[in-house]
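Engineer: The structure under discussion is supplied below as structure tokens; questions concerning it will follow.
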Number of protein chains: 4
Amino acid sequence: MKDREIALFEAGIKLGALYHQFVGTPVSLESAEILEKAIERSISLQPFVESISVRLNREKIRERENLFGYAELTGDMIEVEVKVKVGEALVIASLRWDEEKKYPMMKVEELR
Amino acid sequence: MKDREIALFEAGIKLGALYHQFVGTPVSLESAEILEKAIERSISLQPFVESISVRLNREKIRERENLFGYAELTGDMIEVEVKVKVGEALVIASLRWDEEKKYPMMKVEELR
Amino acid sequence: MKDREIALFEAGIKLGALYHQFVGTPVSLESAEILEKAIERSISLQPFVESISVRLNREKIRERENLFGYAELTGDMIEVEVKVKVGEALVIASLRWDEEKKYPMMKVEELR
Amino acid sequence: MKDREIALFEAGIKLGALYHQFVGTPVSLESAEILEKAIERSISLQPFVESISVRLNREKIRERENLFGYAELTGDMIEVEVKVKVGEALVIASLRWDEEKKYPMMKVEELR
């Protein structure tokens, strides 16, 4: 296996893990920031993660608010960019909601 | 249903939810604190939660550290105390590892 | 603590656990049945569960289908009835989507 | 992006998703088989999955049994092989516990 190949595989792991670990978590406009940070810190611990940024869409949180003033984390709220480095190879991958496909698309944005 | 009865039921919900949402999360000595806070904030959003304290056992995290320097959140690391209030009724419930039973025991500590 | 009180607390645990363990699971019309059974079997293992029935709403699964022909398990799809018995005390509790509250309501249906 | 590259990324997603969705699920010797099947069916729904086999290690389940006669799904119990096909490219990837690293290793076994 080449480093580039491993990096692609590892980038996929990170996004799949993040999504399925945290979907369902109660979240509000007030708690969104600390949840973003906790998710970033958590996924950063995994092997080969160079950096990660997690952004929870406040507008979507507001739209999905229930009677008790909060929402549950769902795929349409989560925006992630993760950099994974294996040897000299770097992969930048993203998770972003695709409204047309109704799907939290995970994509390789860059591969070097 | 009396308030006390609802409070007992609601306290159970909170502990079951917390446990099964967050077990499996990557955690290290460095990230334990922000994860504690994110869990507290998240579960606080649920109805009837008066307060909650979450403590992740650092010693257990260290023991379970893998080759990459982190662990996964497991039942033996999590200590929780949650206060749930419904009307005038208050329940204090806890989650704490029972070494003998090998079990993350959830218990009602107080009921008023 | 009286048995009735413990039973109420335990019933809450089961519903909170079920919900947060399985929300996010990929599901389709074809896989709904085996997922229902696996969830039932899994939660039945927990202490004091007398019986449990889990029903995933096919109509909601169909509505939420993405371009790839499946959905993710969300709170509006899950209907549960669980019986929890502690000593002589029996609690029947349910989880059912409340469209008005936009909330997966957990309720004590019966307490004996 | 070439098909091979996408296939590697997609294979990673499947393993990360599977792991973090199901870790923590109550499981026993009796329920292991239906849980295996439900996990297989669930992950098969995701795009590009050609086939998947999930095996839960019975010996580990027995070892980890608590006082109530069941265990929780942990990384050391799960063995997975998944085939992901994108265009003409095929990736076979696995998840298997590495006792030395104390780690649920995810690996690309084959790339064509």
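Engineer: Between A:MET105 and the same site in the other copies, what are the distances in nm, shortest first, taking label points 7 Å from Cα along the C-beta direction?
Structural biologist: 3.5, 3.9, 5.2
Engineer: If the only charges are +1 at each Lys and Arg Cβ and -1 at each Asp and Glu Cβ, what is the size of the charge dipole of chain B around the Cα centre, to the nearest 20 debye?
Structural biologist: Details: 17 positive and 21 negative charges, 39 e Å.
My answer is approximately 180 debye.
Engineer: Taking 8 Å as the Cα distance limit and 6 or more residues as the minimum spacing, I'd like the relative contact order of chain D as a percentage.
Structural biologist: Working: 203 pairs, mean separation 32.2, N = 112.
After rounding, I find 29 percent.
Engineer: I would also like to ask the following. Can you give the direction-averaged projected area of the convex hull of the alpha-carbon atoms in the stretch B:4-56, in nm²?
Structural biologist: Spelled out: convex hull of the Cα atoms, projected over all directions, averaged, 3.6 nm².
Engineer: Further question on the same structure: Using only DSSP helix segments of four residues or longer, with each worth -39500 (n - 2.57), what per-residue ellipticity at 222 nm results for chain D after dividing by its residue count and rounding to 500? Kindly include the intermediate steps, with their values, before the conclusion.
Structural biologist: On the way: 3 runs with 39 residues, N = 112.
Counting only the DSSP helices, I get -11000 deg cm²/dmol.
Engineer: Where does the protein assembly as shown land on Rg/Rh, using Cα atoms and the Kirkwood Rh?
Structural biologist: Values: Rg = 20.8 Å, Rh = 21.9 Å.
Reported Rg/Rh, Kirkwood definition of Rh: 0.95.
Engineer: If you don't mind, another one. Please state the charge dipole magnitude for the protein assembly as shown, taken about the Cα centre, from unit charges on C-beta atoms (+1 on K and R, -1 on D and E), reported in debye and rounded to the nearest 20. Don't skip to the end; give the middle numbers.
Structural biologist: Details: 68 positive and 84 negative charges, 0 e Å.
Roughly 0 debye, rounded to the nearest 20.
Engineer: How far is A:GLU81 from itself in the other copies, in nm, if each label sits 7 Å out from Cα along the Cα-Cβ line, shortest first?
Structural biologist: Spacings between copies for this position, smallest first, are 4.0, 4.4, 5.2 nm.
Engineer: For peptide B:31-40, what's the mean number of Cβ atoms from other chains within 10 Å of each residue's Cβ? Could the numbers behind the result be given before it?
Structural biologist: Numbers: counts 7, 1, 2, 8, 6, 1, 5, 13, 4, 2.
For peptide B:31-40, the averaged partner shielding equals 5.
Engineer: To the nearest Å, what is the center-to-center distance of the stretch A:1-71 and the stretch D:23-41, using C-alpha atoms only?
Structural biologist: Distance between centres, Cα-based: 26 Å.
Engineer: On average, how many beta carbons from a partner chain sit within 10 Å of the beta carbon of a residue in C:100-107? Write out the running numbers ahead of the final one.
Structural biologist: Working: counts 1, 3, 6, 5, 2, 0, 7, 3.
Rounded to a whole number, the mean comes out at 3.
Engineer: Give me the aspartates and glutamates in straight-line cross-link reach of C:LYS102: C-alpha distance below 12 Å, same-chain residues under 8 apart excluded.
Structural biologist: A:GLU63, A:GLU65, A:GLU72, C:ASP76
Engineer: Taking each label point as 7 Å beyond Cα in the direction of the beta carbon, state the distances from B:SER53 to the same residue in the other copies, shortest first, in nm.
Structural biologist: Counterpart label points of B:SER53 in the remaining copies fall at 3.7, 4.4, 5.1 nm.
Engineer: Now for a separate question. Evaluate the Debye formula for chain B with equal point scatterers sitting on the alpha carbons, no solvent, and hand back log10 of I(q)/I(0) at q = 0.10 Å⁻¹, in q order, two decimals.
Structural biologist: Results for chain B at q = 0.10 Å⁻¹ read -0.30.
Engineer: Another question, if that's okay. Identify, for chain D, the residue whose C-beta comes nearest the rotation axis onto chain C, and round that distance to whole Å.
Structural biologist: Looking at chain D's Cβ atoms against the axis toward C, the nearest is D:ALA38, 2.
Engineer: Loop only per DSSP, at most 12 neighbouring Cβ atoms within 10 Å: give me the GluC sites (Glu not before Pro) in the stretch D:32-88, ordered by residue number. Before the final figure, lay out each step's value.
Structural biologist: Details: sites: D:GLU33, D:GLU36, D:GLU40, D:GLU50, D:GLU59, D:GLU63, D:GLU65, D:GLU72, D:GLU79, D:GLU81, D:GLU88; in loops: D:GLU65, D:GLU88.
Of the GluC sites (Glu not before Pro), the ones in loops of the stretch D:32-88 whose Cβ has at most 12 other Cβ atoms within 10 Å are D:GLU88.
Engineer: Between their Cα atoms, which of A:LYS2/D:LYS85; A:LYS60/C:LYS101; A:LYS107/D:LYS101; A:LYS2/D:LYS83; A:LYS107/D:LYS2; A:LYS14/D:LYS14 are more than 21 Å away from each other? Working shown, then result.
Structural biologist: Values: A:LYS2/D:LYS85 19 Å; A:LYS60/C:LYS101 17 Å; A:LYS107/D:LYS101 30 Å; A:LYS2/D:LYS83 19 Å; A:LYS107/D:LYS2 13 Å; A:LYS14/D:LYS14 10 Å.
Violating the 21 Å limit, Cα to Cα: A:LYS107/D:LYS101.
No lab work stands behind these numbers, since they all come straight from the coordinates. Keep in mind that this is a model prediction, so the values were computed, not measured. Glycine also receives a Cβ, built like all others from the backbone with ideal geometry; neighbour counts cover every protein chain displayed.
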